[in-house]
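The values are calculated or read from the model by the stated rules, or taken from the named source; none is laboratory data. All of these numbers come straight from a predicted model, not from anything done at the bench. Cβ placement follows ideal geometry from the backbone for every residue including glycine, while neighbour counts extend to all protein chains displayed. Only protein heavy atoms, including side chains, enter the accessible area calculation; ligands, DNA and RNA are left aside. Shrake-Rupley method; radii C 1.70, N 1.55, O 1.52, S 1.80 Å.
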Amino acid sequence: KDNVKILFIGLNPGKDENETGIPFVGKSGKLLDKWINFLGVSPKRCSVVNLIKCFTPNQSGLNGDEADNCFPYLERQIQLLNPEHIVVLGDIVYKKLTNQSLSITQAEGKFFPSVFKNKDVFVMRHPSYFVRKGSVGWEDSLNQLKDLLNQQVVTEVQEYTPLHCHSEYSLTDGAGRLEDLVEHAKNVGFKAMALTDHGTISGWYEFQQLCDKYSIKGILGIEF
Ligand code: URA
């Protein structure tokens with residue numbers, strides 16, 4: 001139910017990441033935070049991992065054994081996190097995980113089939129590329145993913161209105177968590193959102209809190 005919405009896959013830990021055990025602790029990580037904010041997805045629903053799990057001094061062998069040796073760990077992480085969308089960061093990761101020959105310039109901002117079963121990946125240049133350019137110029141590429149996320153939600157909101165919450169027709173069956181819907185309804189510009197049910201609306205309290213949190217007008221209704 002709380003699976004990861006977006007998983008970013010970077011290349012390898014730098015010195016700081018190696019010491020802390022946390023990926024993307026530096027400037028590139030700050031930019032990734034910006035991207036997550038731009039996409040309108042809760043940071044709690046995003047995760048970041050690296051293709052290569054260890055610090056590789058002098059960046060040597062990045063296209064060689066390291067990636068192959070670490071690959072089973074990455075595969076297992078993907079199995080466990082079960083992300084809805086995967087964003088691959090940078091040329092090496094993109095090529096390794098898609099087997100495409102298009103250059104990163106041609107591939108960025110697009111989806112490609114990947115080596116993971118039934119999963120496409122979305123390609124971005126590595127955040128460090130944009131950091132070097134002053135952390136600008138990434139919006140156009142990331143917009144393709146943002147549009148897709150927004151389209152999904154608009155369709156879901158239309159399809160699933162009225163929304164049934166906490167019942168056997170739970171929101172979580174088709175349209176994601178209630179919080180996601182409220183958050184995205186807000187992000188795609190809805191001013192109000194109605195929650196209705198036949199009889200008792202058991203999710204009303206959570207709904208009320210979420211409407212407060214996201215400053216969207218909440219309406220409760222009984223269907224008959
Ligand atoms: N660059 C990466 O690809 N991964 C990190 O964790 C840090 C920088």
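Hey, with R₀ at 41 Å, roughly what FRET efficiency would Arg132 and Gln208 work out to, going by the Cβ-Cβ distance, to 0.05?
Step by step, r from the Cβ atoms, then E = 0.35.
Kindly report the accessible area of the chain per residue (heavy atoms of protein chains, probe 1.4 Å, no ligands, DNA or RNA), in Å².
54
Sort segment 1-138 into rounded, prolate or oblate with this rule: let a ≥ b ≥ c be the square roots of the eigenvalues of the Cα gyration tensor; rounded if a/c is under 1.5, and if a/c is not under 1.5, prolate when a/b is larger than b/c, oblate otherwise.
Rounded is the answer for segment 1-138, as its axis ratio a/c remains below 1.5.
Accessible area of the chain with a 1.4 Å probe: how many percent of it is carbon plus sulfur?
Carbon and sulfur atoms account for 50 percent of the accessible area of the chain.
Once the Cα atoms of helix 139-159 and of the chain are each reduced to a long axis, what angle between those two axes, in degrees from 0 to 90 to the nearest 10, is obtained?
30
Grab the beta carbon distance between Asp68 and Glu19, set R0 = 25 Å, and tell me the FRET efficiency rounded to 0.05.
E between Asp68 and Glu19, to the nearest 0.05, is 0.50.
Mind checking the angle between helix 178-187 and the chain's longest principal axis? C-alpha axes, 0 to 90 degrees, to the nearest 10.
The answer is roughly 80 degrees.
Taking the Cα atoms only, what angle lies between the long axis of helix 204-213 and the longest principal axis of the chain, rounded to 10 degrees?
So the inclination is approximately 60 degrees.
With the crude spin-label approximation of a point 7 Å out along Cα→Cβ, what separation in nm comes out for Asn99 versus Ile222?
In this crude spin-label approximation the distance works out to 5.9 nm.
Please name which of Gly189, Ser202, Val131 has its Cα lying farthest along the dipole of the chain towards the positive end, using unit charges on Cβ (Lys, Arg +1; Asp, Glu -1) and the Cα centre as origin.
Most positive-ward Cα: Val131.
For Glu139 and Lys117, calculate 0.36 nm times their separation in residues minus their Cα-Cα distance, and state this gained length in nm to one decimal.
Taking Glu139 through Lys117 to full extension adds about 5.1 nm, to one decimal.
Explain nothing, just the number: dipole magnitude of segment 1-90 about its Cα centre with +1 on each Lys and Arg Cβ and -1 on each Asp and Glu Cβ, in debye rounded to the nearest 20.
Computed charge dipole of segment 1-90: roughly 440 debye.
Could you work out how much longer the chain between Thr196 and Lys27 gets when fully extended? Use 0.36 nm per residue separation minus the Cα distance between them, nm to one decimal.
Between Thr196 and Lys27, full extension yields an extra 56.4 nm.
Okay, helix-only estimate at 222 nm for the chain: each DSSP H run of n ≥ 4 adds -39500 (n - 2.57), divide by all residues, round to 500 deg cm²/dmol; what do you get?
-13000 deg cm²/dmol
Between segment 95-134 and segment 1-80, what is the C-alpha centre distance in whole Å?
Spelled out, the Cα-based centre of one part sits 14 Å from the other.
Number of Lys-Lys pairs in segment 1-95 under 23 Å by Cα, sequence gap 8 or more or different chains?
For segment 1-95, the number of qualifying lysine pairs is 18.
With charges only on Cβ, +1 for K and R and -1 for D and E, what is the dipole size of the chain about its Cα centre, in debye, rounded to 20?
Magnitude of the dipole: close to 680 debye.
Hey, which lysines would be in cross-link range of Lys191, C-alpha to C-alpha under 19 Å, not counting anything within fewer than 8 residues on its own chain?
Those lysines meeting the cut-off are Lys213, Lys217.
Compute, for segment 14-142, the length of the dipole vector about the Cα centre, with Cβ point charges of +1 (Lys, Arg) and -1 (Asp, Glu) only. Units Debye, rounded to 20.
The calculated dipole for segment 14-142 is roughly 220 debye.
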